[in-house]
Amino acid sequence: MRIPAALAAALAVALVPVTAQAGPSPQAAPPYSGDLAVTVAAPDPAAPPGATVPFTVVVCNHGTETPQAPATLVVNGPPAEGMELSPEYGEATDGGWNWIRVPVAEGLQPHQCSYLKLRSRTISGLAGPKSYPGGTAEVSWDGEQKPADNLATWTSEISVPVTGAHLSLARPPLPAAPGNPADFEVEERNLGPSTDYPWRGRLIAQLPPGSSFLSSAPEGIPCDYSADRTTATCPDTVGNTWSWLNRGFAVRVSPTARHGSTVTATLTYEAPADPAPHAFVLKVDIPVL
């Protein structure tokens with residue numbers, strides 16, 4: 001039985017698959033006019049206990065408006081004993097032992113970022129490795145700002161103690177012949193956690209028998225010497241936390257020192273507390289010509 005041509009044509013039309021028209025694709029939400037985002041590059045994970053280490057807070061303008069007045073950045077350190085924060089440059093508007101408030105982002109145009117260097121002082125009396133989570137950084141500007149990216153968290157990772165963390169060689173000695181003078185310079189850093197707390201420490205420098213200390217600098221902060229001048233005991237005047245002092249020593253190399261050998265000065269930077277007695281040691285080798 002043959003289907004009439006007119007009916008066959010009608011069936012063909014009816015059986016053609018129909019593709020549904022896709023609805024309009026969802027449009028991305030427009031950017032917030034006020035959108036300051038914050039991220040934190042945490043302190044160096046190799047930071048030794050007691051060290052003051054830098055870290056960076058980044059504030060970026062992801063919105064469409066430029067702040068005409070400063071926004072407020074509040075940074076809190078991990079809630080651990082002895083953790084302190086300070087700005088590396090400039091002054092914070094407010095703060096305490098473990099938090100600071102800093103003005104940021106005034107004039108920061110869309111798609112631009114500003115970088116704030118901060119310092120975190122780690123615990124000095126406890127050995128690592130140890131992790132201190134719970135640090136935060138929050139930026140506040142516009143009440144209508146995007147709430148999803150204005151708060152960041154960070155963690156301070158502490159390594160095992162490192163000898164010499166707070167005592168470093170600023171200027172090494174030049175080679176000296178037996179019986180001749182030589183000099184070098186070291187940098188002392190405050191052991192904290194705050195000014196003169198609870199007592200100041202001291203720096204003790206020792207030379208092997210035959211060599212002797214001639215003098216130290218600065219002259220306004222003199223050291224005391226043993227009778228044979230092989231030992232110098234110097235007061236710790238680095239009173240403010242995060243501050244430092246460069247101290248120089250002039251020595252006379254032993255007349256009997258062997259050519260090609262070294263005369264080693266051993267420097268010990270002592271802190272009587274914070275919260276337990278501890279010290280950092282630096283050895284300085286003076287080449288003998």
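Table for the structure above
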{"quantity": "Local electrostatic count at residue 72 - Lys and Arg +1, Asp and Glu -1, tallied over other residues with Cβ under 13 Å", "calculated": "-3"}
{"quantity": "Whole-Hz couplings from phi, Karplus 6.51/-1.76/1.60, listed for region 142-157; x for Gly and Pro", "calculated": "9, x, 9, 5, 5, x, 7, 9, 9, 10, 10, 10, 8, 10, 9, 9"}
{"quantity": "Charge context of residue 58, other residues only, Cβ under 15 angstrom, K/R +1, D/E -1", "calculated": "-3"}
{"quantity": "Chain lengthening between residue 185 and residue 233 when straightened (0.36 nm per residue, less Cα-Cα)", "calculated": "15.7 nm"}
{"quantity": "Virtual spin-label span in nm between residue 244 and residue 148, 7 Å along Cα→Cβ", "calculated": "4.3 nm"}
{"quantity": "For residue 286, distant residues with modelled amide H under 5 Å away", "calculated": "263, 264, 265"}
{"quantity": "Relative exposure of 219, 138, judged by other C-beta atoms within 10 Å (fewest first)", "calculated": "219, 138"}
{"quantity": "Relative packing of 203-210, 65-72, which averages over residues the other C-beta atoms within 10 Å, highest first", "calculated": "203-210, 65-72"}
{"quantity": "Residues with amide H under 5 Å from that of residue 33, placed H, sequence gap 5 or more", "calculated": "64"}
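No lab work stands behind these numbers, since they all come straight from the coordinates. Remember, it's a predicted structure, so these values are computed and weren't measured experimentally. Cβ atoms come from the backbone with ideal geometry, glycine included; neighbour counts cover every protein chain shown.
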